[in-house]
Amino acid sequence: MRRLILIGDGGHAKVVRDVALSEHRYELTAVLDDRYEEAGPGTDGLLRGPVKLARHMLREDDGMDVFVAIGSNTIRRKVAEALQAAPERFALLIHPRAVVSTEARLAPGTVVMPGAVINAGASIGAHGIVNTCAIVEHDCVVGSYAHLSPGSALAGGVTVYEGAHVGIGAAVIQGLSIGAWSLLGAGAVAVRDIPGRCTAVGVPAVVIKGRND
Ligand SMILES: CC(=O)SCCNC(=O)CCNC(=O)[C@H](O)C(C)(C)COP(=O)(O)OP(=O)(O)OC[C@H]1O[C@@H](n2cnc3c(N)ncnc32)[C@H](O)[C@@H]1OP(=O)(O)O
């Protein structure tokens, strides 16, 4: 069984940890987060320590992989890039009760939460989050560092560009795109393409502001 370092010890990481354990492919070894200044055992016996330990641990142990379990798309990218690890050292975590087509492609560093459905021809980029019960219909293309929140739905052939966040319960009708690093608000319905680096809300979704983060 390979060993796994989880980076991040917040709410999202709790759920990622459940997914990792439910797959029985990994033995969880360490939970690293910059809230910990020193390395030491946590109450659960796992190593706790700052994120900077990860690079050394990965270098020293070929049987160890890593997963960046940080909910913020921008921070997840920053931390994943700083690790400078080969793509295959980033775990791909899929909950056993997610439904993923054999004709879908998922990149390393991505997590698929329970109840999510990813249909044929869809692809999910690296370090994505397909959250609880999200639906990714056939032929969708989801970029790296994107987050599809719980209960969100992409109809067929939707493109979600890098770093975009589709809010909880939001929907995108077929063939449209959500621009890079944009946020589609909770419960919104996109009926037109949403440009990059903006926040759009409502039904139908309209852009309310730009985003610089
Ligand atoms: C497991 C997990 O927890 S995964 C995380 C899932 N989380 C989400 O999906 C959160 C998505 N975030 C949202 O929907 C947020 O409300 C945002 C990002 C759209 C807006 O947040 P902010 O940038 O802080 O804007 P703010 O709260 O000031 O709202 C701006 C205006 O938009 C309205 N608004 C905000 N969100 C929405 C929404 N989802 N739908 C409709 N209108 C909205 C506000 O009422 C406000 O209107 P007003 O100016 O007339 O008063």
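Points worth noting:
- Candidates per trypsin sites (Lys or Arg not before Pro) in the range 67-100, loop by DSSP, up to 14 other Cβ within 10 Å: R97
- Rg over Rh [alpha-carbon atoms, Kirkwood Rh] for the chain: 0.99
- Packing-based ranking, highest mean first, of 52-59, 114-121 given that Cβ atoms within 10 Å are counted: 114-121, 52-59
- The calculated P(r) of the range 2-89, using every Cα pair and 10 Å bins from 0, goes 17, 57, 26, 0 in percent.
- Taking every DSSP bridge with both residues inside the range 2-89, close to 10 percent are antiparallel.
- DSSP-defined beta bridges in the chain - what % are antiparallel, rounded to 5: 10
- Scanning the chain for GluC sites (Glu not before Pro) lying in DSSP loops with no more than 16 further Cβ atoms inside 10 Å, the longest uninterrupted stretch between such sites is 104-213.
- F67, F90 arranged by Cβ crowding within 10 Å, fewest neighbours leading: F90, F67
- Within-13-Å neighbourhood charge of G49 [Cβ basis; K, R +1; D, E -1]: -1
- The string of couplings for the range 152-165 from the Karplus curve (6.51, -1.76, 1.60, θ = phi - 60°) is 7, 9, 10, 6, x, x, 7, 10, 10, 6, 3, x, 6, 10 Hz, one whole number per residue in order, with x for Gly and Pro.
- Inverse mean reciprocal Cα-Cα distance (Kirkwood Rh) of the range 61-101, Å: 11.8
- Charge context of D139, other residues only, Cβ under 13 angstrom, K/R +1, D/E -1: -1
- Gaussian network model of the chain, Cα within-10 Å springs - most flexible of G179, G42, G71: G42
- Close amide H pairs (under 5 Å, H built 1.01 Å from N) link V142 with S123, I124, G125, V160, residues at least 5 positions away or on another chain.
- Of interest is the spacing of the C-alpha centroids, which for the range 70-105 and the range 115-179 amounts to 14 Å.
- About the Cα centre, charge dipole magnitude for the chain (Lys/Arg +1, Asp/Glu -1 at Cβ), debye: 380
- If you run the Gaussian network model on the chain, springs between alpha carbon atoms under 10 Å, then out of V66, V130, V100 the most flexible one is V100.
- 3J(HN,Hα) from dihedral phi, the range 193-206, Karplus parametrisation 6.51/-1.76/1.60, rounded to Hz, x for glycine, proline: 4, 9, x, x, 6, 9, 10, 10, 9, x, 10, x, 5, 10
- Annotation: lysines with alpha-carbon distance below 22 angstrom to K78 (same-chain offsets under eight excluded): K14, K52.
- Among D61, D193, D44: highest mean-square fluctuation, GNM of the chain, C-alpha pairs under 10 Å: D44
Read-outs throughout are calculated quantities, based only on the coordinates presented, and are distinct from any laboratory measurement. Predicted model only: the values in this text are computed from it and were never measured. Glycine also receives a Cβ, built like all others from the backbone with ideal geometry; neighbour counts cover every protein chain displayed.
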